[in-house]
Amino acid sequence: MVDLESEVPPLPPRYRFRDLLLGDQGWQNDDRVQVEFYMNENTFKERLKLFFIKNQRSSLRIRLFNFSLKLLSCLLYIIRVLLENPSQGNEWSHIFWVNRSLPLWGLQVSVALISLFETILLGYLSYKGNIWEQILRIPFILEIINAVPFIISFWFVFQIFWPSLRNLFVPVFLNCWLAKHALENMINDLHRAIQRTQSAMFNQVLILISTLLCLIFTCICGIQHLERIGKKLNLFDSLYFCIVTFSTVGFGDVTPETWSSKLFVVAMICVALVVLPIQFEQLAYLWMERQKSGGNYSRHRAQTEKHVVLCVSSLKIDLLMDFLNEFYAHPRLQDYYVVILCPTEMDVQVRRVLQIPMWSQRVIYLQGSALKDQDLLRAKMDDAEACFILSSRCEVDRTSSDHQTILRAWAVKDFAPNCPLYVQILKPENKFHIKFADHVVCEEEFKYAMLALNCICPATSTLITLLVHTSRGQEGQQSPEQWQKMYGRCSGNEVYHIVLEESTFFAEYEGKSFTYASFHAHKKFGVCLIGVRREDNKNILLNPGPRYIMNSTDICFYINITKEENSAFKNQDQQRKSNVSRSFYHGPSRLPVHSIIASMEGSKEIRRPSIAPVLEVADTSSIQTCDLLSDQSEDETTPDEEISSNLEYAKGYPPYSPYIGSSPTFCHLLHEKVPFCCLRLDKSCQHNYYEDAKAYGFKNKLIIVAAETAGNGLYNFIVPLRAYYRPKKELNPIVLLLDNPLDDLLRCGVTFAANMVVVDKESTMSAEEDYMADAKTIVNVQTLFRLFSSLSIITELTHPANMRFMQFRAKDCYSLALSKLEKKERERGSNLAFMFRLPFAAGRVFSISMLDTLLYQSFVKDYMISITRLLLGLDTTPGSGFLCSMKITADDLWIRTYARLYQKLCSSTGDVPIGIYRTESQKLTTSESRKIASQSQISISVEEWEDTKDSKEQGHHRSNHRNSTSSDQSDHPLLRRKSMQWARRLSRKGPKHSGKTAEKITQQRLNLYRRSERQELAELVKNRMKHLGLSTVGYDEMNDHQSTLSYILINPSPDTRIELNDVVYLIRPDPLAYLPNSEPSRRNSICNVTGQDSREETQL
C-alpha cells in the first residue's frame, strides 16, 4: 500500500487549494495560449456602429431623435414665415434674403449643426469602401443643402462680423423629405425591436401618405416664397392653391404671377405625375395581394368576439357551404366568426360566395399554412374557441393526405395547447397519431361500418345521415305525394340531450326503469329516449335495458324534431284538436285492408293476443323473447345442427387488430385459423377443390364487397357482420372482389348474392373536374344494375350531387319529377335537397362527405360522435345496446299502430324502436300513365305472349312490395316498331332466296328483333355462365325492382300505422349486461360458457 501511494504523482499547482486561493503562479510555464474572441467588436468604430445601427432599440431612439429634429426645423421655418413682415417691392433680393430674428437663427443653426454631425457620423459608420456612394445619396445632398448654409453664416457672423448673412434664405422646408426618410427607417426599426413582421400594406400606405404630404408642403412653401415678389401670398393662400391644383379643380382665383413660381408649379406637377402613380400602383398591387392572402384577424376582435378556425388544404365550394350551413344552423353560434386558413388562393366560386352579405360579415379567409406560427398568429389560434382540421379526400394518395392532417394537428397543438381540436382523418391506421384531439372522425371506419349495417339493417346509412344533419322537417311539405311529406317531416328528427331533473319530458320517470320512461315519453310527448349517461361516468349507454333505474342527475339522450327548450306544451284538449290537422294521414283514419282481414281471420280462430303493460321496475319473468322478435336463432336448430355450429364457431374477441386504436368487439370466431390458400374462392388448393361460390354450397346468401384494395378499413365491415348478437344461422359469407370483370362476378356468386357492396375507387378520386371523381364507380354500378337487375347494390360516392346518376334511367318520368322536387327544395334553402332521390331514400347509395356534418355538430353536441359509433358498432360499451332490425309479417298486423308496437317491444324484450323502413309501390301520375298507355297502343307487338308474361310478372312484384329505386322504361315498343320496319325494308331490298331458306332467315330475324334489351343482357349472362361451366339455375333475368320505392320514417308519431313488410329499427339491450337470476336456458348457458372460454383464449 505504501509503494502504491508513493507512486501517485502530486497534483499540479493549479489544482491545489492554496493555488486556487492565491492564484495560479505557474501558468507562464504552460504551453497553452489564451484566445480572446470578437476582438473586432471592441474597437471604437464597432461600438459606435453597434449603438447607432446594429442594436434595434438604440437605433430606433437615434432615428426618432433625427425625425424630431427634421420636424423641428420645418416648424422653425413656418414660424419664421409667420413672423416675417411682407416687404414692399418686386425686387429679386426678396428671394435670396429674408427677415430672420437672432434667437430663431440661433435655433436653426443649432439644429443644422446637430443634423450635419449626425449625418457625417452615420456616413462614416456605414462606409464600405466607396465614398462617392455615400456623398451622392439624396438624403446626404439634402442635408448639405439645409445645414451647410447655416454653418457658413455662423462662421461669417462670428469671425468676419457680417451680421446680415444670418438673413440668407435657406430652403429648410426640404427637411420634410429627410423626415419622411427617417420615418420609414424608424418604422423598420420598430418592427425589428418588437419582433413583429412588418405589414407591407401599412408601410406602403405610410409611404404614400408621407409622400403626398411632403409634395404639398414643399409646394406650399415654394409658392409662398417665390411669390414674395408677386402677390405676397401667405401660407393659407398657398395651401388653398396647392389643394385646388392637385385636386385638378383649378378655380383660378389664386394663380402665380412670377415666372419663377410658375416654373416651380410646373416642376412640382411633373414630380407628382411621376411619383404618385408609382406609389398608387404599388399600393394597389399590395392591396390585391392582401385580398388574396386575407390579411389578419384583429386581436381586438379575437378578445371581444368568439371565433373558430377551419384548416383545410384546399377549399371547395361544396365543403364551404356544408360547413357554414351546418355551423350556423344552431342559434347559439350566430355571433361566431369563422376564420378559414388555407394554403391555396381563394377560387372564384368561393370568393363570390364570401362576398354575400350574410357571409362577408362573419367569414374571414386567410391564405396561409397551419405549420407556420406566423399564420397561426394571424388567425389568432390561441384565442379560438375550436379548430377544425379537415383532410382532402380527393387526393390520389390518401395516406399522404392524412400525413398532412397529422402535421397540421401537431402544429396547432404546439401553438395553442388549450384550443379544442376537431380532426377528420381518412385512414384508420393513422388515428393514433392524433389521439390527443378532442374529437376525431375517421372516414373509412364510418364508411365501412355503414356499408356493413346496410346489409343487415336496410338504409342504415340514410338513417345516420338524416340524424346528423340539422333540419326543421320542412322538406317535401309542398309535395303532392304523401310519402314525401311523411319522409320529409320525419327527417327533421335529431339527437338532443337534457338532464333528467330539468326536463319536462322525463322528470316524472325518476326512479323508474329506462324502458318505462322511453315508452311513456314517446306516448305522451312523441320523443324517443334512446340512451342515458350517469353524472359520474363518461360512457353513454344506448338502451341500457329495463333493469336500469333512472336517476335525477342522469343525462338523457332523445330523438325529436326539436330540443325541449324550444318546445311549447299544450294541454290534452288542445292537443286532441290539433292532432287532426297534424296527422300524417289525411282523410279517414282506418286500418289497411290486409290488417282488417288478418284481424278478422284471427278472431274466427283464436282470440287476438293482448299487449302487456310496461312495468315501472323490471321483473325478470317479464323479460323474455317475443314471437314478434324471434329470429332464426340457435333455439330453432336441431340438435345435430347445433352441435355442428358449436364445433365450427366460438364467441370471443379477435386475436389480432389490424391497426392501433380499433375497438375490440365480441364476435363469432372460428376455432381454427383457415389456411391462406383456402381464402381464394376462384382457385382450388390441396384442402378443397372448389373454384366458384356455387360449389361451396353456402346455406346463406353471399355479401360481395367490390373494392380496389383490401385495406385495414375492411375490418370495420367484417366485425358488424360477425357480431356476437347475430344468430349463427344468419351469418352471411363475405366475398372480397378486388377486380370485377364479368367472369369473376359470376364465379363469386353474384347471381344468388344477398347484397353487392361497391366501394368508391381511391385511384379515381382525383380528377381534373371534381365531380368526375365518381365516374368509374357510377358506370360500374350501372353496368351491374343492367346485368343483374334483381341484385341489391349498395355503394358509396365522393360527391352527394352524383347520387342522381345511380341506377339511371333516361326516360323515367318519376325520376324526372323527383329531380324537379330536388331543385325546388334547394331553392328553398334546404340542406337535404338530395334526400328525395330514390337510391338515397332506399339506402342504396350514400356519400361519406355527408358525415362531415357529424364533426361540425360535435362542436355543439359533443356526444354525437360517441352515439354514432355505438349505433354503427364501432365502439362497444358494457351495458350499451346495439342497432338491429325486425320485419313486420302478416302475423304482426294486429298490433296496428307504432305506439302499440313500442309498448309490445318495451314490455316483452326491452327493445326501443327508433324508426321504420317502409316500402311502397310507385304511383304514377295521370299524365304519366296516359303517356305510357298511348305508347303501348301505338306499338305493334309481335310477341303477345311475352308481353303478357311481362305484365304478369310486373304485377306480381308490385304486390310483393319489392324494394326498388326507380321504374324501368327500357322496353320501349316504339323502338321495337322501328326495328321491325327496318327489318321489313331490309327484307324487301335483299336478294330473294328459295322458299324454305327465306322463311328460315325471316324467322331468325324476327326472333332477334323481338328480344328486348333486358332479354339480350340475360342471354349474354347465361351464355357466359355456360362458357365458365356454371349452372344457370336460379338466374332470374326478369326480376327487377321497378315498381316500388323505399324510405325511412325516423321516430314516427304514435298513431302511425304499421304496414306489411315494414322494417323496424331497434336498439336492443346488451344481452351480456346481466345474467338472469332464475335458471338459465340451455341457449344462455351455452353462449355464456362459450363466450367466457373464448374471451380467456383471445383476450387482448
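The values are calculated or read from the model by the stated rules, or taken from the named source; none is laboratory data. All figures in this text were calculated on a predicted structure; none of them were measured in a lab. Positions of Cβ are generated from backbone atoms using ideal geometry, with glycine treated the same way; all protein chains shown enter the neighbour counts. Calculation scope for accessible area: heavy atoms of the full protein, side chains included, ligands and nucleic acids excluded. Shrake-Rupley method; radii C 1.70, N 1.55, O 1.52, S 1.80 Å.
Tell me the residue from N560, N539, N543, N551 that is touching a residue at least 60 places away in the same chain (Cβ under 8 Å) and farther than 22 Å from L901 by Cα, please.
Working: N560 fails: farther than 22 Å from L901 by Cα; N543 fails: farther than 22 Å from L901 by Cα; N551 fails: touching a residue at least 60 places away in the same chain (Cβ under 8 Å).
Among N560, N539, N543, N551, only N539 is touching a residue at least 60 places away in the same chain (Cβ under 8 Å) and farther than 22 Å from L901 by Cα.
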For segment 779-804, enumerate the residues that are open to solvent by 30 Å² or more (accessible area, probe 1.4 Å) and either under 18 Å from L451 (Cβ atoms) or touching a Pro at 6+ places or on another chain (Cβ under 9 Å) (or both). N780, P800, R804
Residues within segment 296-323 that are closer than 22 Å to V348 by Cα, more than 10 Å from the chain's Cα centre (by Cα) and assigned to a helix (DSSP H, G or I), tallied: 1
For residues that are at pLDDT below 90 and polar (S, T, N, Q), scanning just segment 858-899, find the one that is least open to solvent (accessible area, probe 1.4 Å). T877
Looking only at segment 211-228, decide whether some residue is in contact (Cβ under 8 Å) with a residue 60 or more places away in the chain and within 30 Å of N296 (Cα to Cα). yes
Out of W132, W97, report the one residue that is closer than 30 Å to W259 by Cβ, at pLDDT below 85 and open to solvent by 30 Å² or more (accessible area, probe 1.4 Å). W97
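Name every residue in segment 549-560 that is open to solvent by 10 Å² or more (accessible area, probe 1.4 Å) and under 13 Å from L529 (Cα atoms), in order of residue number. It would help to see each step written out before you state the result.
Filtering segment 549-560 down to residues open to solvent by 10 Å² or more (accessible area, probe 1.4 Å) leaves 549, 551-553, 555, 560.
Residues satisfying the conditions are I555, N560.
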Let me spell it out: the conditions are (1) open to solvent by 70 Å² or more (accessible area, probe 1.4 Å); (2) without any contact (Cβ under 8 Å) to a residue 60 or more places away in the chain; (3) of a type outside the set (V, I, T), and R828 meets all of them except one. Which number is the exception? (2)
Of all residues in segment 498-533, how many are part of a loop (DSSP other than H, G, I, E, B), of a type outside the set (F, W, Y) and in contact with a Leu (Cβ under 8 Å, 6 or more places away or on another chain)? 1
Long-range neighbours under 6 Å by Cβ, at least six apart or interchain, first residue under 24 Å from A449 (Cβ atoms) within segment 665-679, second modelled with pLDDT under 80: H668/Y649
When segment 374-418 is checked residue by residue, the ones that are modelled with pLDDT of 90 or more, among the acidic types (D, E) and open to solvent by 20 Å² or more (accessible area, probe 1.4 Å) are D382, D383, E385, D414
I'm checking my understanding of the structure. Among residues of segment 41-60 that are of a type outside the set (D, E, K, R) and free of Cβ contacts under 8 Å to residues at least 40 places away in the same chain, which one is least open to solvent (accessible area, probe 1.4 Å)? S58
Restricting attention to segment 831-857, and to residues there that are open to solvent by less than 10 Å² (accessible area, probe 1.4 Å) and polar (S, T, N, Q), which single residue is farthest from the chain's Cα centre (by Cα)? S847
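Matching residues to (1) open to solvent by less than 70 Å² (accessible area, probe 1.4 Å); (2) in a loop (DSSP other than H, G, I, E, B); (3) farther than 30 Å from Q349 by Cα:
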{"site": "R228", "(1), (2), (3)": "yes, no, yes"}
{"site": "G252", "(1), (2), (3)": "yes, yes, yes"}
{"site": "P256", "(1), (2), (3)": "yes, yes, yes"}
{"site": "L263", "(1), (2), (3)": "no, no, yes"}
{"site": "I269", "(1), (2), (3)": "yes, no, yes"}
Which of the residues that make up segment 683-706 are modelled with pLDDT under 85 and crowded, with 21+ Cβ neighbours inside 10 Å? A693
Among D322, D335, which is the only one that is open to solvent by 40 Å² or more (accessible area, probe 1.4 Å), farther than 29 Å from L797 by Cβ and in contact (Cβ under 8 Å) with a residue 12 or more places away in the chain? D335
Output yes when any residue across segment 720-728 is more than 19 Å from L453 (Cα to Cα), touching a residue at least 24 places away in the same chain (Cβ under 8 Å) and buried (at least 17 other Cβ atoms within 10 Å of the Cβ), and no when none is. no
What number of residues in segment 390-407 are over 19 Å from Y771 (Cα atoms) and over 15 Å from the mean Cα position of the chain (by Cα)? 6
Scanning segment 525-536 residue by residue, those open to solvent by 10 Å² or more (accessible area, probe 1.4 Å) and in contact (Cβ under 8 Å) with a residue 12 or more places away in the chain turn out to be F525, G526, R533, R534, E535
For segment 877-892, how many residues meet the condition of being under 24 Å from R547 (Cβ atoms) and among the aliphatic types (A, V, I, L, M)? 2
So which residues in segment 752-776 are of a type in the set (S, T, N, Q), open to solvent by less than 40 Å² (accessible area, probe 1.4 Å) and modelled with pLDDT under 85, if there are any at all? T764
For segment 419-431, does any single residue satisfy the condition of being assigned to a loop (DSSP other than H, G, I, E, B) and surrounded by fewer than 18 Cβ atoms within 10 Å (Cβ to Cβ)? yes
Run down A370, A437, A449 and say which single residue is open to solvent by less than 30 Å² (accessible area, probe 1.4 Å), in a loop (DSSP other than H, G, I, E, B) and within 30 Å of L872 (Cα to Cα). A437
Checked segment 464-500 for anything among the aliphatic types (A, V, I, L, M) and under 17 Å from E564 (Cβ atoms); matches are V495, I498, V499, L500
Is it the case that segment 231-247 has a residue that's among the small types (G, A, S), open to solvent by 50 Å² or more (accessible area, probe 1.4 Å), out of contact with any Cys (no Cβ under 7 Å at 6 or more places or on another chain) and part of a loop (DSSP other than H, G, I, E, B)? yes
What pairs come up if the first residue lies in segment 133-157 and is closer than 17 Å to N167 by Cβ, the second is of a type in the set (V, I, T), and their beta carbons are under 6 Å apart, counting only those six or more places apart or on different chains? N146/V172; P149/V170; F150/V109; F154/V109
Tally up the residues in segment 867-882 that are touching a Lys or Arg at 6+ places or on another chain (Cβ under 9 Å) and under 18 Å from I425 (Cβ atoms), please. 1
